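What follows is a set of notes on a single structure, which appears directly below.
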Amino acid sequence: MSPILIKTIQFFLSLSLLIVLHELGHFIPAKIFKTRVEKFYLFFDVKFSLFKKKIGETVYGIGWLPLGGYVKIAGMIDESMDTEAMKEEPKEWEFRSKPAWQRLIIMVGGVTVNFILALVIYIGLAYAYGDEYIPADSLKDGVHVVEKSIGDKIGIQTGDKILAVDGEKVEDFDAVLMEIINGNTLTIERDGRVFDEEIPVDFIATLIDDMDRARFLGPRIPFVIGEVSPESINKDAGLEKADEVVAIGGQKIEYFDQVKPILEEYKGKEVDLTVVRDNEVRKIIPVAINDSAQIGVRPGLLSMKEMEKRGLLRVETIKYSFLESIPAGIDKGVDTLTGYLKQLKKIFNPDTGAYKGVGGFAAIGGLFPDSWNWSVFWGTTAFLSIMLAVLNLLPIPALDGGHVMFLLYEMVTGRKPSDKFLEYAQMVGFFLLLALIVFANGNDLYRWLTK
């Protein structure tokens, strides 16, 4: 099965699950308050449905347009824009006839289910898999700045230790990049000196402009040969896969990031490499350095276990009992929500350039791995559930947040907006959402065409 197909299947499986449960969050309180639900749809049924079946008073179906889903609640101006029924006298089973507090519960039901679903998933992941991470302070000799130009922009150099973002200690090295994206101030230790660097307001735009270089930080790793290229000028020099280069021309090296400056000295010349083979045999191998200061080999990676064995970093593994997984999962959900709100805040600030990173279906699909991994699938689904909940709470007509905004206005003032006003507001909200969808998917297309 192709990687693209695997991503697509995961995307639609996750999307379908989130939509159905979100709409179920509206459906259940509507039924509890004896409000008639006329339709329950996964995806939109513009002109026709792929499947539909009426059970009781509700038509359950699957539409052909995968832009979301909906429940059509009698007496409510919603996505269906069925305004004819609104011209009749209100019926007791209609949404508009219910007390404001009941209508509010019906409207927030979807996002409530999304938040609860995310927490349940995170609790399940904590119980099933636990947590495994690299403590940021365990990197023996700091970080490797893979992309120097990006590191220079933010003030990070190879060998630095990243201590905190916005005064909060960075615990998980894998989360450092996201912490930096969401933060404003970086605390760094360099050569025993601790200082703060301001994170440029447009730093996220720098990463978006060159997504291939976005992961510009990594742990410092030894120079292990992963492969000798068949076209390499040193293909017959005697280098082998898994050889570890520990010296070049007599100059000792500990990490791969120390190699390039030394090779620059030997461009177009020959030099002796000192390599360790099978963890014990040291060999001196003469190699040629081309005019680009390259040996002609692809570097390899050591396993985290081997890196830990050498004392280069530490891997923390935490296992949770069922009861312990509950607060751990809740903490993960709260951290994810907080991080996403910070990202959203930056998107609405034009100076950050974060709006360039707004993505559509391709970007969301890209979050899933190209091989089946249940842990990653459920983790991504939990994140998308939080994202769906937050976006639905935005005070935009046609979203749940828009309905909630008008209901709160009614509850505070005692005055209900007219049906005609709600109809126009729904139309405005619909076109705003359509524009957002076009913009997001346009960003996906632009990135694909320019990468």
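The values are calculated or read from the model by the stated rules, or taken from the named source; none is laboratory data. Computed from a predicted model, the values in this text were never measured in an experiment. Note that we place each Cβ from the backbone using ideal geometry, even for glycine, and neighbour counts take in every protein chain shown. Side chains included, ligands, DNA and RNA excluded: accessible areas come from the protein's heavy atoms. Shrake-Rupley method; radii C 1.70, N 1.55, O 1.52, S 1.80 Å.
Given contacts defined as C-alpha pairs under 8 Å and at least six residues apart, what's the relative contact order of segment 123-219, whole-number percent? Intermediate values should be presented prior to the final figure.
Values: 148 pairs, mean separation 29.3, N = 97.
About 30 percent, as a whole number.
Would you calculate a helix-derived [θ] at 222 nm for the chain, using -39,500 (n - 2.57) for each DSSP H run of n ≥ 4 and dividing by the full residue count, to the nearest 500?
-14000 deg cm²/dmol
Using only the Cα atoms of segment 30-154, what semi-axes does the equivalent ellipsoid have when each is the square root of 5 times a gyration tensor eigenvalue? Give whole Å, largest first.
That gives 47, 19, 17 Å for the three semi-axes.
Report the far tail of the P(r) of segment 214-370, meaning the percent of Cα-Cα pairs longer than 22 Å.
Working: 7470 of 12246 pairs.
The answer is 61 percent, as a whole percent.
Give me the percent of accessible area attributable to carbon and sulfur for segment 1-152, probe 1.4 angstrom.
Ligands and nucleic acids excluded, carbon and sulfur reach 65 percent.
With angles folded into 0 to 90 degrees, how steeply does helix 400-413 sit against the dominant principal axis of the chain? Use alpha carbons for both and round to 10.
50
For a bin width of 10 Å, list the pair-distance distribution of segment 16-75 built from all Cα-Cα distances, rounded to whole %.
So the P(r) values, bin by bin, are 25, 57, 18, 0.
Of the beta bridges DSSP finds with both residues in the chain, what % are antiparallel, to the nearest 5? Don't skip to the answer; put the middle values down first.
Working: 51 of 55 bridges.
That works out to approximately 95 percent antiparallel.
Give me the percent of accessible area attributable to carbon and sulfur for segment 213-337, probe 1.4 angstrom.
Roughly 51 percent of what the probe reaches on segment 213-337 is carbon or sulfur.
With no solvent and one point per C-alpha, what does the Debye sum give as log10 I(q)/I(0) for segment 101-231 at q = 0.20 Å⁻¹?
Each listed q corresponds, in turn, to -1.12.
In Å², what does the accessible area per residue of segment 105-157 work out to with a 1.4 Å probe?
42
Give the span of segment 255-345's Cα atoms along each principal axis, as three whole-Å numbers ordered largest to smallest.
Rounded to whole Å, the extents work out to 61, 40, 17 Å.
Could you state the angle between the C-alpha long axis of helix 322-347 and the longest principal axis of the C-alpha atoms of the chain, as a value from 0 to 90 degrees rounded to the nearest 10?
90
With Rg and the Kirkwood Rh both taken from Cα atoms, where does Rg over Rh land for the chain? Don't jump to the answer; show the numbers that get you there.
Numbers: Rg = 27.8 Å, Rh = 25.9 Å.
We get a ratio of 1.08 for the chain.
Let me confirm the definition first: pairs of Lys residues in segment 101-199, 8 or more apart or on different chains, C-alpha distance under 19 Å. How many are there?
Pairs that pass both the separation and distance tests number 5.
What is the distance in Å between the Cα centres of segment 165-182 and segment 321-350?
Using only Cα atoms to place each centre, the spacing works out to 13 Å.
Return one number: the angle in degrees, 0 to 90 and rounded to the nearest 10, between the long axis of the Cα atoms of helix 374-392 and the longest principal axis of the Cα atoms of the chain.
That helix lies at roughly 50 degrees to the long axis.
Test of the criteria: in segment 23-66, which GluC sites (Glu not before Pro) are in a DSSP loop and have at most 11 other Cβ atoms within 10 angstrom of their Cβ?
Glu57
For segment 336-441, what is the largest minus smallest coordinate of the Cα atoms on each principal axis, given in angstrom and ordered from greatest to least?
The principal-axis extents, from largest down, are 53, 27, 23 Å.
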